[in-house]
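Comments concern the structure below.
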């Protein structure tokens with residue numbers, strides 16, 4: 001099974017899914033992995049080319065928005081994972097180093113990608129925009145977002161691999177700014193290259209228009225109607241509610 005997981009940046013997706021994988025393996029012998037759509041980003045060189053080709057679009061000048069991922073790479077990996085038990089063949093999982101190029105990031109060399117061997121029971125595909133779907137042209141007032149909205153059509157092919165869907169729903173989407181600043185501060189404390197507080201604030205605030213535009217549709221038109229789990233979270237990431245469908 002492949003689960004889709006949506007949650008704002010910094011909401012705890014990586015931590016929560018890592019614990020889920022660990023607990024299910026140790027307590028129930030169920031083997032799973034987590035795959036982040038961040039690892040499907042374009043290479044640094046490809047991102048620079050995209051930014052130059054859309055020089056007037058602020059949403060495409062950095063990694064993150066729909067349009068900055070390698071759709072073909074993601075599809076190939078998900079297809080291989082979906083059939084890993086049938087094919088009985090290991091699958092290499094891409095990795096993206098966000099600290100590379102002074103925080104601009106780049107894909108890790110393929111020789112350094114981790115390899116997953118069968119058997120495998122489940123995969124969690126997580127990301128801030130997993131499940132976002134195209135909205136009508138009339139709903140997009142920003143011409144730059146309209147361009148992103150067009151690129152979002154290509155992500156539908158990823159959703160076809162999903163068997164279930166989970167959403168971490170923040171009480172206040174503005175918490176993403178503080179969460180991501182905290183994450184960069186932790187990276188710096190560990191001696192890893194990271195963005196300054198000012199730079200990461202500017203980076204994250206650029207995503208707020210997308211949340212405003214696409215989050216309502218995530219509830220109204222999710223990529224998987226059932227089974228679906230919606231978990232409400234507070235500013236401290238504690239759970240406020242759990243709804244199942």
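The values are calculated or read from the model by the stated rules, or taken from the named source; none is laboratory data. Because the structure is predicted, anything quoted here is derived from the model rather than measured. Cβ atoms come from the backbone with ideal geometry, glycine included; neighbour counts cover every protein chain shown.
Summary of computed values
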item: Whichever residue in the range 185-202 is closer than 20 Å to residue 12 by Cβ and at pLDDT below 80 and, among such residues, is farthest from the chain's Cα centre (by Cα); result: 192
item: Of all residues making up the range 25-46, the number that are more than 17 Å from the chain's Cα centre (by Cα), under 26 Å from residue 186 (Cβ atoms) and in a helix (DSSP H, G or I); result: 3
item: Wholly within the range 143-202, helices (runs of 4 or more DSSP H) carrying at least 1 residues that are closer than 22 Å to residue 126 by Cα, touching a residue at least 60 places away in the same chain (Cβ under 8 Å) and touching a strand residue (DSSP E or B) at 6+ places or on another chain (Cβ under 8 Å); result: 156-159, 175-189
item: Selection count, the range 1-24, where residues are assigned to a strand (DSSP E or B) and modelled with pLDDT under 95; result: 0
item: Exclusive hit being free of Cβ contacts under 8 Å to residues at least 40 places away in the same chain, surrounded by fewer than 17 Cβ atoms within 10 Å (Cβ to Cβ) and either under 21 Å from residue 159 (Cβ atoms) or within 15 Å of the chain's Cα centre (by Cα) (or both), set 68, 15; result: 15
item: Yes/no for residue 120 being crowded, with 20+ Cβ neighbours inside 10 Å, touching a helix residue (DSSP H, G or I) at 6+ places or on another chain (Cβ under 9 Å) and at pLDDT 95 or above; result: no
item: Whichever residue in the range 47-89 is in contact with a strand residue (DSSP E or B) (Cβ under 8 Å, 6 or more places away or on another chain) and in a loop (DSSP other than H, G, I, E, B) and, among such residues, is farthest from residue 202 (Cα to Cα); result: 70
item: For residue 144: the one exception among (1) at pLDDT below 95; (2) in contact with a helix residue (DSSP H, G or I) (Cβ under 7 Å, 6 or more places away or on another chain); result: (1)
item: Members of the range 90-106 that are closer than 27 Å to residue 32 by Cα and in contact with a strand residue (DSSP E or B) (Cβ under 7 Å, 6 or more places away or on another chain); result: 90, 91, 92, 93, 94, 96, 97, 105, 106
item: Pair list, Cβ < 6 Å and 6+ apart or interchain, from the range 217-230 residues that are over 13 Å from residue 135 (Cα atoms) to residues that are surrounded by fewer than 15 Cβ atoms within 10 Å (Cβ to Cβ) and at pLDDT 95 or above; result: 226/245; 228/245; 229/244; 230/243
item: Scan of the range 203-245 for residues that are at pLDDT below 95, over 14 Å from residue 170 (Cα atoms), within 18 Å of the chain's Cα centre (by Cα) and part of a helix (DSSP H, G or I), ordered by number; result: 203, 204, 205, 217
item: Filter result (out of contact with any helix residue (DSSP H, G or I) (no Cβ under 6 Å at 6 or more places or on another chain), in contact (Cβ under 8 Å) with a residue 24 or more places away in the chain and under 17 Å from residue 146 (Cα atoms)) within the range 38-57; result: 56
